[in-house]
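Chemist: Encoded as C-alpha cells, here's the structure I'll be asking about.
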Amino acid sequence: MTRTPASTALKPRTIDAGNLRSDLDLSKAELNAVLDLAASVKQRPAEHRKALEGKYVSLLFEKPSLRTRLTFELAAKQLGADSVLSTGAIGGREPIKDVARNLERWTHCIVARTFAQDTVDSLAEWAKIPVVNALSDMYHPCQALADMQTLKERWGELPGHKLAFVGDGNNVAHSLLLDCARLGADVAVVTPPGFEPDESIVRMANEFAAESKSKVTVTNDCPEGLRGADAIYTDVWASMGQEQEWNERARLFAAYQLNADLYSMVRPNALVMHCLPAHRDEEVTDEILELPSSVIFDQAENRLHAQKALLLMLMAGSGGKP
Ligand code: CP
C-alpha cells in the first residue's frame, strides 16, 4: 500500500502538453505525479474541495458510460467545480473546430468520449482549454490511471511485477501497455490471432520498457503470456461500436475466456482486473470476478480519485494550456 505522509498536501503541478489526448501526453514524471496526487486526494479529499471553485467542465459523450461520466461529474463537484453534459455525435451538427471554440468561451476543460481518436485530437488542436480523452477507439488513458493507482496500492511499486491482459488488443490494452511499460511493470497482451494491439503502440511500449528495464510480450499463446503474472486483466470481446461482430468474436475468443483454467496459469492469488462493464460468463466467469483477489471495484473507485488528480493538474492555476 502506498502511503502519503499525513502532514504534506501535495500541490498539483501542471502537465506540459496541457491535454490528455492519450497516455503519451504524460511523461513518466507526470504520470507518477498524477498517481501521487491521486493517492493524496483519496486519503484527504477535504484538502482539495475548493481547488477548482468557479470552474466548469464540459462533458462530451458520443458513447454510453456509467463510470467515466459519473466519476468526472463527481470529481468536478468534489473539487468545487461543476460540469455540463452533451451527448451524441461530436461534430455532427457543426465542425469540431467550432464546437471547441464554443466550449472554451463557457467552460475550463473538455472531457470527451469519442469513437475516433481524431475527434479528441481536433478538439485539443482548436480549444484553448485542456482536453481529456475519456475513451476513444485507440486509448482509455483515464482507465489506465485508475488501474495504475490500484496496482500501486497493492504492490507498492510496479517494477518486479507482471500484468497480463487477455482478450481483444483494444484501447484498454493499448493504454495498459504504455503505462505499465513506462512505470516498469512487465506487461503481456494475449489475444486471438488477428486481434493483436496496434503495432505502433507495441513499438512505443517496447521503447518505454527498454528505458524502465521491463518486458513487453504480445502473443496468441495463453500459457506463454500468462506465466508469472501477478495480475490478470480482461475486457469485453466486442467494444462499443463492434456489437454486430459479437457472434463471430464469441467463437474466436472462446479459448481466451478468463476462467478457472486460465487463472491456473497465473501466479496463485493473482489480482483479477476488469475495466467494467463486465459480461459475466462471456469474457470472464462470474466465479473469477468474485474471487477475493478481484480488485474490479477498487479500479472503479479509483476512477474518481485519479480523475480528480488529473483535473487538478490540468485546471488548477492558469486553467489553460501553456
Ligand atoms: N470503464 C469504463 O470506462 O466504464 P464506462 O464505460 O461505464 O464509463
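Values in this text are rule-based calculations from the coordinates and carry no lab data. Note that the structure is a prediction, hence the values are computed from the model and not measured. Neighbour counts are summed over all protein chains in view; Cβ atoms, including those assigned to glycine, are modelled from backbone coordinates with ideal geometry.
Chemist: Along the charge dipole of the stretch 77-123, Cβ charges K/R +1 and D/E -1, which of Gly91, Gln78, Gln117 sits furthest on the positive end?
Modeler: Gln78
Chemist: Lysines within cross-link reach of Lys215: Cα-Cα under 24 Å, excluding same-chain residues under 8 positions apart?
Modeler: In chain and number order, the partners are Lys28, Lys152, Lys162.
Chemist: Label the stretch 23-175 by shape, choosing from rounded, prolate and oblate, from the square roots a ≥ b ≥ c of the eigenvalues of the Cα gyration tensor; if a/c is under 1.5 it is rounded, and otherwise prolate applies when a/b is larger than b/c, oblate when it is not.
Modeler: Since a/c reaches 1.5 but b/c is at least a/b, the shape of the stretch 23-175 is classed as oblate.
Chemist: In whole Å, what is the distance between the alpha-carbon centres of the stretch 254-270 and the stretch 83-102?
Modeler: Cα centroid to Cα centroid, the span is 43 Å.
Chemist: Can you give the Kirkwood hydrodynamic radius for the stretch 254-322, in Å, rounded to one decimal and based on Cα pairs?
Modeler: One decimal place: 14.2 Å for the Kirkwood radius.
Chemist: Hey, another quick one. Just flag the GluC sites (Glu not before Pro) in the stretch 87-192 sitting in loop per DSSP whose Cβ has no more than 14 other Cβ atoms within 10 Å.
Modeler: Answer by residue number: Glu157.
Chemist: Next question. Highest mean first, how do 285-293, 217-225 rank when packing is the count of other Cβ atoms within 10 Å averaged over residues?
Modeler: For the peptides 285-293, 217-225, the packing ranking is 217-225, 285-293.
Chemist: For the stretch 1-131, give the magnitude of the charge dipole about the Cα centre (Cβ charges: +1 Lys/Arg, -1 Asp/Glu; no others), in debye to the nearest 20.
Modeler: 480
Chemist: Would you please name the GluC sites (Glu not before Pro) within the stretch 45-98 that are DSSP coil residues with at most 13 other C-beta atoms within 10 Å of their C-beta?
Modeler: Glu53
Chemist: Hey, which lysines would be in cross-link range of Lys50, C-alpha to C-alpha under 26 Å, not counting anything within fewer than 8 residues on its own chain?
Modeler: Lys11, Lys42, Lys77, Lys128, Lys308, Lys321
Chemist: At R0 = 35 Å, how high is the FRET efficiency between Lys77 and Asp198 if r is their beta carbon distance? Nearest 0.05 is fine.
Modeler: E(calc), rounded to 0.05, equals 0.50.
Chemist: In vacuo Debye scattering of the chain, one point per C-alpha: log10 I(q)/I(0) at q = 0.12, 0.16 Å⁻¹?
Modeler: -0.78, -1.36
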